[in-house]
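The block underneath contains the structure these notes are about, expressed in C-alpha cells.
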Amino acid sequence: MSVDTQYPFGERVDITLKLGAEKTFPLCLRIPGWADEATLLVNGEAQDTPAAGTFSVIERLWHTGDRVTLILPMKARVTH
C-alpha cells in the first residue's frame, strides 16, 4: 500500500493498494470530527458520504492498483 498526501497541509489523501493476490478485507479510514463534508472515492467512484467523527469502513474484494481517495475539506474557522 502506498499513501500520497500533503495532509495536514493539503486536503487530499490517495491510497494505492499493492497486493500479492486479490483479497477481501475491510479498509477502515478515520474521518476527523471537523471534516463535515468529507468525500470518499474508490477507483474514481463516489462512495457513501462518510460521517465526521467516525470510521468509514469499505469492505470489498481488493486488487493491486485499486485506489482510494479521501478528501477532507479544510475550512478556515475561528474559535475562542
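Since every read-out is calculated from the coordinates, none of them should be taken as a lab result. It should be emphasised that the depicted structure is a prediction, and the values quoted were computed from it without experimental measurement. Cβ placement follows ideal geometry from the backbone for every residue including glycine, while neighbour counts extend to all protein chains displayed.
Things to note:
- Remark: the chain carries a charge dipole of roughly 200 debye about the Cα centre, counting +1 on each Lys and Arg Cβ and -1 on each Asp and Glu Cβ.
- Remark on Glu11: its backbone amide H falls under 5 Å from none of the residues 5 or more positions apart or on other chains, H modelled at 1.01 Å from N.
- The Stokes-Einstein estimate for the chain, based on a Kirkwood radius over Cα pairs and taken at 25 °C with 0.890 mPa s viscosity, is a diffusion coefficient of 183 µm²/s.
- Rounded to the nearest 20 debye, the dipole size of segment 32-76 about its Cα centre is 120 debye, using +1 on the Cβ of Lys and Arg and -1 on the Cβ of Asp and Glu.
- Label-zone membership for segment 1-33, site Ala46, 7 angstrom Cα→C-beta point, backbone N under 12 Å: none
- Given their separation in residues at 0.36 nm each and the Cα-Cα distance between them, Phe9 and Arg77 gain 23.0 nm when the chain is fully extended.
- Charge context of Asp4, other residues only, Cβ under 9 angstrom, K/R +1, D/E -1: 0
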